[in-house]
Amino acid sequence: MPGFVLLVRARGDADDAMGIGYTVSKKVGNAVTRNRMKRRLRELCRAALPESGIAGADHVLIGRPGGNDIVFAELGEQLDSALTRAAKKLAR
């Protein structure tokens, strides 16, 4: 996805709780830009993961340069698409 990278890893334990992590490197920009990106990623996850997240898996979102320039609704669509693709890969 242009705004972020989503990594999903099934833990393999009996716990159905979802783990969530965020990371934005210095390549994205200064501290203000990185913190804004993290706030946007957190809000995306609050909205999407309860319905679309994979139970019993850890989710990590890695912010990409230019992610702050993308409209928030479009980032939400990208996250839904990435979660769907990740669920298909984990189902194999």
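The values are calculated or read from the model by the stated rules, or taken from the named source; none is laboratory data. As the structure is a prediction and not an experimental result, all values here were calculated from the model. We place every Cβ from the backbone using ideal geometry, glycine too, and count neighbours over all the protein chains shown.
Could you please give the count of residues in the range 1-24 that are more than 18 Å from Q78 (Cα to Cα) and either out of contact with any helix residue (DSSP H, G or I) (no Cβ under 8 Å at 6 or more places or on another chain) or exposed (fewer than 13 other Cβ atoms within 10 Å of the Cβ) (or both)?
Taking the range 1-24 first, the residues more than 18 Å from Q78 (Cα to Cα) are 9-19.
Still in the running and either out of contact with any helix residue (DSSP H, G or I) (no Cβ under 8 Å at 6 or more places or on another chain) or exposed (fewer than 13 other Cβ atoms within 10 Å of the Cβ) (or both): 9-17, 19.
Adding up the residues that qualify gives 10.
Within the range 15-32, can one find any residue that is assigned to a helix (DSSP H, G or I) and either at pLDDT 95 or above or within 23 Å of A87 (Cβ to Cβ) (or both)?
yes
Do any residues in the range 25-46 that are surrounded by fewer than 13 Cβ atoms within 10 Å (Cβ to Cβ) have Cβ atoms under 9 Å from those of residues that are part of a helix (DSSP H, G or I), where the two are at least six apart or on different chains, and which pairs are they?
That search, which allows pairs on different chains as well, returns S25/R34; K26/R34.
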